[in-house]
Amino acid sequence: MIGTVATWTKRGFGWIKADEGAEYWCHIKSCRGPDDEQLEIMRPGDRVSFAVGTSPKGPLAVRVQLLTEENAK
C-alpha cells in the first residue's frame, strides 16, 4: 500500500493514512529509508509504502519504506 505519515510522536510511533483512506498505527522499528537503512524519525507528510499487519489492538503498518520522488512513481 501507499500512504502518508499523518502524525508522528517523539516517542517513535504514529499513524499512516493510506491513499484509500484507512489509518494504520506504526512504530519506528518497522520503518526503513529508501536505501533500506533503519530510520530514526518520520515526519508528517512523508510518503511511504507499507504492508498491513495485525496486532491484538487491530491492524498496523509493517515493512514501512520511505519513498523518494523517484521510487514513488
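The values are calculated or read from the model by the stated rules, or taken from the named source; none is laboratory data. Everything quoted here is computed from the prediction, not taken from an experiment. Don't worry about glycine lacking a Cβ; one is built from the backbone with ideal geometry, like all the others, and counts go over all protein chains shown.
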Note to self: With the requirement that a residue be of a type in the set (D, E, K, R) and surrounded by 12 or more Cβ atoms within 10 Å (Cβ to Cβ), what does the stretch 43-60 give you?
What the structure shows: ASP46, ARG47
Check: Which residue pairs have Cβ atoms closer than 7 Å, lie 6 or more positions apart in sequence or on different chains, and pair a first residue in the stretch 22-50 that is closer than 15 Å to ARG63 by Cβ and without any contact (Cβ under 8 Å) to a residue 40 or more places away in the chain with a second residue that is part of a loop (DSSP other than H, G, I, E, B) and of a type in the set (Ser, Thr, Tyr)?
Finding: PRO34/THR68
Next item on the list: May I ask you to list the residues in the stretch 13-40 that are out of contact with any Cys (no Cβ under 9 Å at 6 or more places or on another chain) and of a type outside the set (D, E, K, R)?
Entry: ALA18, GLY21, ALA22, TYR24, TRP25, CYS26, HIS27, ILE28, SER30, CYS31, GLY33, PRO34
Checklist line | Scope the stretch 23-42; condition surrounded by fewer than 13 Cβ atoms within 10 Å (Cβ to Cβ) and either out of contact with any strand residue (DSSP E or B) (no Cβ under 7 Å at 6 or more places or on another chain) or modelled with pLDDT of 95 or more (or both); matching residues | finding: LYS29, ASP35, ASP36, GLU37, GLU40, ILE41
Notebook entry, point to check: Could you list, in sequence order, the residues of the stretch 1-11 that are out of contact with any Gly (no Cβ under 8 Å at 6 or more places or on another chain), surrounded by fewer than 16 Cβ atoms within 10 Å (Cβ to Cβ) and touching a residue at least 24 places away in the same chain (Cβ under 8 Å)?
Noted result: MET1, ILE2
